[in-house]
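Below: the structure, in structure tokens.
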Amino acid sequence: MTLAEFFEKSRAELIRSNADRRHPFRTLVLSTNNSYPGIRTVVKRKTESDLSTLIYTDSRSPKVEEIRLDAKCSLLFYHPKKKLQLIINGVAEVLDKGDLYEIHREIALLNPKDYSTRFAPGAKLSAQDYDFGNKDYFCLLNIRPVTIQLLELGKERHWRAEYFATNQWQGTWLAP
């Protein structure tokens, strides 16, 4: 396998997960910077052709403030059947206006309750406090990759490589 083949194989899995709701890459771990690393599972909404990843969230969630303070973040994808791990280190942007935001907001608000709870995510409340308001708090996170690290575990051997964003992705093999 060449570096280019390894990259394309992994890229194809990311793109395939756009259409397949059951694909393991649909749910991933997002890590942000705070006094401690902030990690959480999120749902990927789309991977663009440039490999940027779009995630929907509530604009009041802690991850939004963490990204506004420090845009560096990491995404961790894992495909258990293929034993393929993909880590993207990138720069996140919070989108709450513009064309891309409007397109995705229209889709997201097909389920308006996802972004209209009266209390912000993580707020303390009693069971009866959980209700919905009439304002939506939808925002879009756009994570642009800077580096991508791939690891595939195999019976005969393991493959690991790291790729850097220049004009095109340049990779180097790493020891697994």
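Anything in region 119-169 that is at pLDDT 75 or above and of a type in the set (D, E, K, R)? List them, or say none.
K124, K135, D136, R144, E152, K155, E156, R157, R160, E162
When region 12-43 is examined, which residues are found to be of a type in the set (S, T, Y), within 17 Å of V64 (Cβ to Cβ) and crowded, with 16+ Cβ neighbours inside 10 Å?
If the condition is that a residue be of a type in the set (S, T, Y), within 17 Å of V64 (Cβ to Cβ) and crowded, with 16+ Cβ neighbours inside 10 Å, then S31, T32 are the ones that fit.
Go through region 1-56 and give me each residue that's in contact with a Pro (Cβ under 8 Å, 6 or more places away or on another chain) and closer than 19 Å to P80 by Cβ.
The answer is S17, P24.
Which of the residues spanning region 44-56 are closer than 25 Å to L69 by Cα and loosely packed, with under 14 Cβ neighbours inside 10 Å?
Within region 44-56, D50 is the sole residue that qualifies.
Residue by residue through region 89-110, note down the ones that are part of a strand (DSSP E or B) and either aliphatic (A, V, I, L, M) or touching a Pro at 6+ places or on another chain (Cβ under 8 Å) (or both).
Across region 89-110, the qualifying residues are N89, G90, V91, A92, V94, L95.
Report whether or not T32 is in contact with a strand residue (DSSP E or B) (Cβ under 7 Å, 6 or more places away or on another chain), closer than 27 Å to A161 by Cβ and either touching a residue at least 24 places away in the same chain (Cβ under 8 Å) or not aromatic (F, W, Y) (or both). Quick ask: steps written out before the conclusion?
Numbers: in contact with a strand residue (DSSP E or B) (Cβ under 7 Å, 6 or more places away or on another chain): yes; closer than 27 Å to A161 by Cβ: yes; either touching a residue at least 24 places away in the same chain (Cβ under 8 Å) or not aromatic (F, W, Y) (or both): yes.
Judged against the criteria, T32 is a match.
Is at least one residue of region 20-33 over 24 Å from F7 (Cβ atoms) and hydrophobic (A, V, I, L, M, F, W, C)?
Checking region 20-33: not a single residue is over 24 Å from F7 (Cβ atoms) and hydrophobic (A, V, I, L, M, F, W, C).
The values are calculated or read from the model by the stated rules, or taken from the named source; none is laboratory data. All values reported here derive from a predicted model rather than from experimental measurement. Counting neighbours? That spans all protein chains shown, and the Cβs are built from the backbone with ideal geometry, glycine included.
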